[in-house]
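Read the figures in this text as sums done on the coordinates, not as results from a lab. Being a predicted model, the structure only gives us computed values, none of them experimental. Heads up, the Cβs are rebuilt from the backbone with ideal geometry, glycines too, and the neighbour counts pull from every protein chain shown.
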Amino acid sequence: MMKSVGKMTEHREIGYDLAAELVTQNSSVLDLGCGDGALLELLCEKKGIKGYGVEISEEGLSLCLEKGLYCYQADIDEGLVDYRDNSFDFVILNQTLQSTKRPGFIIKEILRIGRKAIISFPNFAYHPIRHQLSWRGSMPKSPSIPYEWYDTPNIHMVTIKDFETYCQDNGYAIEKRLHFCLGKDGKSSRVGFAPNYFAEYGLFVLSGNSASQD
């Protein structure tokens with residue numbers, strides 16, 4: 001199930017500056033789990049995109065419509081059958097992968113309907129998270145994972161290394177890696193060295209062409 005608005009809204013804004021760099025001018029974009037539509041709004045302003053959103057919550061849907069954005073209410077765990085192959089230039093799944101029930105199925109669907117996929121998530125191998133679990137013996141909390149164990153929406157704990165292995169095993173082409181930490185100014189600070197250890201977030205750009213080979 002996709003994350004709802006409210007507690008997750010501020011967290012979802014992580015990596016928006018990188019998404020704005022990656023999306024090309026006047027392209028078509030589908031944002032899955034779009035929340036209040038802030039990313040779509042940013043991309044419309046900066047890149048003149050033709051944007052669409054999918055959001056599960058009533059609150060998020062209402063906020064998107066108030067901004068004049070097209071938003072479809074649905075649960076992406078149930079699939080994206082309403083969209084044809086290669087319907088969009090970009091499909092974005094930002095900080096939502098780890099809270100889906102069927103991440104593998106969703107990735108396959110994204111690569112079917114999008115020519116390129118932008119997928120980002122909190123890196124559960126980030127060194128402060130490793131150290132909290134090792135030293136304290138309790139489930140870690142951080143700005144990227146701000147929940148208690150009993151109320152977290154994160155049901156699949158993925159690392160940068162895990163995701164790279166998954167893509168390799170399934171034949172998904174990785175075009176770019178822009179792993180990063182969040183700076184004090186709220187902007188993304190890229191991490192190039194040992195990102196599985198030093199990067200707070202993983203961000204991948206995948207080519208949708210490989211999905212059509214099945």
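Worth a mention:
- Under 5 Å, built H, 5+ apart or other chain: amide partners of Lys116: Phe90, Val91, Gly208
- Residue (of Gly48, Leu93, Gln168) at the positive-pole extreme of the chain, dipole from beta-carbon charges: Gln168
- Taking amide H atoms as placed 1.01 Å from N in the peptide plane, the amide H of Thr96 lies under 5 Å from those of Ser120, each 5 or more residues away in sequence or on another chain.
- In sequence order, calculated HN-Hα J values of region 81-93 (Karplus, 6.51, -1.76, 1.60; Hz; x Gly/Pro): 5, 6, 10, 7, 4, 6, 6, 10, 5, 9, 10, 10, 10
- Size of electric dipole in the chain: Cβ of Lys, Arg +1 and of Asp, Glu -1, about Cα centre, debye, nearest 20: 680
- Normalising the average separation of contacting C-alpha pairs (under 8 angstrom, six or more residues apart) by the number of residues puts the relative contact order of the chain at 20 percent.
- Pairwise centroid distance, computed over Cα atoms, of region 9-48 with region 53-87, Å: 14
- The chain: Cys lacking any partner C-beta under 4.7 angstrom: Cys34, Cys44, Cys167, Cys181
- Shape of region 127-196, Cα gyration tensor, a/c cut at 1.5: oblate
- For region 63-214: rounded, prolate or oblate by the Cα gyration tensor [a/c cutoff 1.5]: prolate
- Classified by the C-alpha gyration tensor, region 22-82 has an oblate form. Its axis ratio a/c, with a ≥ b ≥ c, is 1.5 or above, and a/b does not exceed b/c.
- Nonlocal amide H pairs with Ala173, under 5 Å, H built at 1.01 Å: Ser207, Ser210
- Entry note, the chain: the mean residue ellipticity at 222 nm calculated from DSSP H runs of n ≥ 4, each adding -39500 (n - 2.57), is -7500 deg cm²/dmol after division by the residues and rounding to the nearest 500.
- For the residue pairs Lys141/Lys161; Lys101/Lys184; Lys46/Lys161, the C-alpha atoms sit more than 30 angstrom apart in Lys101/Lys184; Lys46/Lys161.
- Exposure rule at most 16 other beta-carbon atoms within 10 Å, DSSP loop chymotrypsin sites (Phe, Trp or Tyr not before Pro): the chain longest free segment: 1-146
- Candidates Arg102, Arg112, Arg84, ranked by Gaussian network fluctuation over the chain, Cα under 10 Å, top entry: Arg84
- Positive-end extreme of charge dipole, the chain - chosen from Ser207, Pro128, Leu80 (charges on Cβ): Pro128
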